[in-house]
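To start, the structure itself, in structure tokens.
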Amino acid sequence: MKPNELECPLCARNNECAVVSGQKVSDCWCHQQSFPIQSGFSHLGINDHQCLCQSCVKQMNKVEENRSQTQSQFKCK
């Protein structure tokens with residue numbers, strides 16, 4: 001079964017993808033957003049053709065930021 005292109009694969013809310021809605025890719029919210037390291041998506045079952053919603057991306061960025069801060073505190077000298 002093909003995933004719903006307008007649905008975030010993590011939370012099932014509308015991902016507000018401009019491209020799927022027939023607009024230009026440059027009009028999509030994702031072009032102004034930074035994304036967490038993509039390699040972290042594979043264990044979530046997300047592929048390159050599925051769009052997350054803004055809320056999930058923000059939450060993932062927050063987790064990634066916290067992880068980076070924690071790792072920098074425990075560097076061996």
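Values in this text are rule-based calculations from the coordinates and carry no lab data. As the structure is a prediction and not an experimental result, all values here were calculated from the model. We place every Cβ from the backbone using ideal geometry, glycine too, and count neighbours over all the protein chains shown.
Less than 5 angstrom separates the built amide H of GLU7 from those of ASN15, all sequence-distant by 5 or more or on a different chain. Packing-based ranking of 52-59, 25-32 yields 52-59, 25-32, ordered from highest to lowest mean Cβ neighbour count within 10 Å. With a simple spin-label model that places each label point 7 Å from the Cα along the Cα-to-Cβ direction, the separation between VAL20 and VAL63 comes to 2.0 nm.
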